[in-house]
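Below is one structure, written out as structure tokens; the observations come after it.
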Amino acid sequence: MPDDQSALYEAVEPYRSLRLPVGDGHELHVDLSGNPDGIPVVFLHGGPGGGTKPAQRKTFDPSAFQIVTFDQRGAGRSSPLAQLAGNTTQTLIADLERIREHLGIDRWLVAGGSWGSCLGLAYGQAHPERCLGFRLHGIFMAERAEIDWWFHGSRTIFPDHWEVFAAFVPEAERGDLLRAYYRRLTGPDREQQIAAAVALRTFSGKTQTFLPDAEHVAALTEPDAALALARIFTHYCVNGAFLDPGQLLRDVSRIRHLPAEIVQGRYDIVTPMCTAWKLKTAWPEARFTIVTEANHAATPSAPALSLALRDATDRLRDSMLALAA
């Protein structure tokens, strides 16, 4: 495997952008890049509420793929920003179908990381007939144990950062940081909303990277973007991502016949590898790649995860082109 960022593809500029109303007052920003006649692939960003970034296109061959990226409800350039009303996993699945139909795509490859892996599994299990396959990383299935780990268990690895995160709320509320932050992020005080969002995203940023990365933390704590993600993230966590307990593992059988690549950082503190291992065990046909020098985020200082994702996408590309030949 190549060992530097130059091995990634160029983040080509979109050849088309559009705004798509999807109901409940929401309007999505959608970008298309790469080859208009290529293999369709939709990339699902994390968060929920994180929005898309040009770098997320760098693991897809732009000569082979028609790359569809979009900001999910309330995120990025979609509007209204940070809106929780009408924002559920089921509405996001419906949005994916609206986008696919609007673009005239019959089937597409589904790629996503972190929350995007959760949404990708939920979408694929709801519409397996519309999927060519999957490339998933940083596996998250929205189980209560995973959510509790992020808010409390992760202090076993990052006790210094967690103490600052917990100290934002009074001691009496620190037994349930999710609810404590959710109350502040959804309360009427705008200044408190912003402060809570920045505190949450600072903790998140400091625990996502394999090596300390101040630039990564700074990028996550821009106030408006931080508020959108923090509000939507806690909204989904409080509601168990609007999924039944165990649903995504239970329904893997609906997509096991489709090609899949699962990529996981061994030292992922945000979405620990035990969840990816459960998925791999339930889906033995999927190719499973462990990236040793990786936490949750792919950064220039630790590019191994990005390079593994590119390799995974290239394998899917080659197999799909071979089938079409």
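If I model a spin label at A145 and A218 as a point 7 Å from the Cα along the Cα→Cβ vector, what separation in nanometres do I get?
4.0 nm
Give me a comma-separated list of calculated 3J(HN,Hα) values for the range 119-124, in order, Karplus coefficients 6.51, -1.76, 1.60 applied at θ = phi - 60°, integers in Hz, x for any Gly or Pro.
5, x, 5, 5, 5, x
Separation between the I157 and R179 pseudo-spin-labels, each 7 Å from Cα along Cα→Cβ, expressed in nm?
2.7 nm
Please give the helix 304-324 orientation as an angle from the longest Cα principal axis of the chain, in degrees from 0 to 90, rounded to the nearest 10.
Once rounded, the angle reads 30 degrees.
Could you give the nm distance between label points at E285 and R266, where each point is 7 Å from its Cα heading toward the beta carbon?
Modelled inter-label distance: 3.0 nm.
Under the classification rounded if a/c is under 1.5, otherwise prolate if a/b is larger than b/c and oblate if not, where does the range 11-58 fall, given a ≥ b ≥ c as square roots of the Cα gyration tensor eigenvalues?
oblate
Which whole-Hz couplings ³J(HN,Hα) result when phi for each residue of the range 203-209 is put into the Karplus expression 6.51 cos²θ - 1.76 cosθ + 1.60, θ = phi - 60°, listed in order with x for Gly and Pro?
After applying 6.51 cos²θ - 1.76 cosθ + 1.60, I find 4, 4, x, 6, 9, 8, 9 Hz.
Assuming a ≥ b ≥ c are the square roots of the Cα gyration tensor eigenvalues, decide whether the range 57-129 counts as rounded (a/c under 1.5), prolate (otherwise, with a/b larger than b/c) or oblate.
It comes out prolate by the Cα gyration axes.
Three principal axis extents, largest first, for the C-alpha atoms of the range 92-182, in Å?
53, 23, 18
For the chain, what is the mean residue ellipticity at 222 nm derived from helices alone (per DSSP H run of n ≥ 4: -39500 (n - 2.57); sum divided by total residues; nearest 500 deg cm²/dmol)?
Details: 11 runs with 130 residues, N = 325.
When only DSSP H runs of four or more count, the value is -12500 deg cm²/dmol.
What's the extension gain from D37 to T292 if we count 0.36 nm per residue and subtract their Cα-Cα distance? Mind dumping the intermediate values first?
Details: separation 255, 0.36 × 255 = 91.80 nm, distance 3.56 nm.
So the chain would gain 88.2 nm between D37 and T292.
Please label the shape of the range 154-228 as rounded, prolate or oblate, based on the square roots a ≥ b ≥ c of the eigenvalues of the alpha-carbon gyration tensor (a/c under 1.5 means rounded; beyond that, a/b larger than b/c means prolate, else oblate).
The shape class here is oblate.
Which residues' amide hydrogens lie under 5 Å from the amide hydrogen of A260, considering only partners 5 or more residues apart or on another chain, with H built in the peptide plane?
Sorted by chain and number, the residues that satisfy this are F134, R287.
Would you please give the FRET efficiency between E171 and T91, computed as 1/(1 + (r/R0)^6) with r the Cβ-Cβ distance and R0 = 41 Å, to the nearest 0.05?
0.65
Enumerate the amide H contacts of Q66 below 5 Å, restricted to partners 5 or more residues apart or on another chain; note that Pro and chain-start residues carry no placed amide H.
N35, G38, I39, V41
Carbon-plus-sulfur fraction of the accessible area of the chain, 1.4 Å probe, in percent?
Roughly 54 percent, rounded to a whole number.
Given a cut-off of under 8 Å on Cα pairs at least six residues apart, what relative contact order in percent is computed for the chain?
Here the relative contact order equals 19 percent.
Using all Cα-Cα distances in the range 114-239, what percent lands in each 5 angstrom bin from 0 up to the longest?
2, 10, 18, 22, 20, 13, 8, 5, 2, 0
Measure nothing but the geometry: give the 0 to 90° angle between the long axis through the Cα atoms of 89-103 and the longest principal axis through the Cα atoms of the chain, rounded to 10°.
The angle comes out near 30 degrees.
Sorted by packing (mean other beta-carbon atoms within 10 Å per residue), highest first, where do 43-50, 169-176, 257-264 land?
Highest mean packing first, the order is 43-50, 257-264, 169-176.
Per residue, how much accessible area does the range 35-132 have with a 1.4 Å probe, in Å²?
That works out to 29 Å² per residue.
The values are calculated or read from the model by the stated rules, or taken from the named source; none is laboratory data. Source: prediction; values computed, not measured. Don't worry about glycine lacking a Cβ; one is built from the backbone with ideal geometry, like all the others, and counts go over all protein chains shown. The accessibility values were calculated without ligands, DNA or RNA, using every heavy atom of the protein model including side chains. Shrake-Rupley method; radii C 1.70, N 1.55, O 1.52, S 1.80 Å.
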